[in-house]
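Notes follow the structure.
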Amino acid sequence: GLEFTATHIIAYRTQRSQHCGQTTYEPGTKHKAPVFSSDPHTDCHPGIYFAAKAWLAEHHPNEPIVRCRTLRSNSLRTVAGKWRTKDLEILP
């Protein structure tokens with residue numbers, strides 16, 4: 001699942017962008033979304049996506065995943081069960 005601290009969410013994402021862009025998320029890097037949608041009723045709007053490890057295993061079973069961290073205040077859960085954020089740090 002996801003891990004929640006007072007200020008952050010620790011989660012996972014695919015190492016490579018799946019739908020928009022060509023980003024590879026390498027450990028130790030930080031990423032900022034050029035555009036972020038705060039609408040929780042859509043499952044595919046601008047932002048950087050992350051999810052629980054089980055969600056990724058079900059939806060992207062053949063993709064490598066990385067562990068990541070983001071601010072709780074910059075994130076929202078979408079209707080599809082994944083999350084979207086303004087910025088993301090890929091953990092070692």
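GNM on the chain, C-alpha springs below 10 Å: top fluctuator among 14, 78, 70?
Highest fluctuation of the listed residues: 78.
In whole Hz and in residue order, list the ³J(HN,Hα) couplings for the stretch 55-62 that follow from phi through the Karplus curve 6.51 cos²θ - 1.76 cosθ + 1.60, θ = phi - 60°; x for Gly and Pro.
Rounded to whole hertz, the list is 4, 5, 4, 6, 8, 9, x, 9.
What's the whole-number percent of alpha carbon pairs in the chain lying beyond 16 angstrom?
Numbers: 2050 of 4186 pairs.
Tail of the P(r) past 16 Å holds 49 percent of the pairs.
Within the accessible area of the chain, what % is carbon and sulfur when the probe is 1.4 Å and the other protein chains stay in place?
Values: 2810 of 5470 Å².
Roughly 51 percent, rounded to a whole number.
Anyone know which of 44, 68, 20 comes out most mobile in the 10 Å Cα GNM of the chain?
20
The values are calculated or read from the model by the stated rules, or taken from the named source; none is laboratory data. This is a predicted model, so every value here is computed, not measured. What goes into the accessible areas is simple: the full protein's heavy atoms, side chains included, and nothing from ligands, DNA or RNA. Shrake-Rupley method; radii C 1.70, N 1.55, O 1.52, S 1.80 Å.
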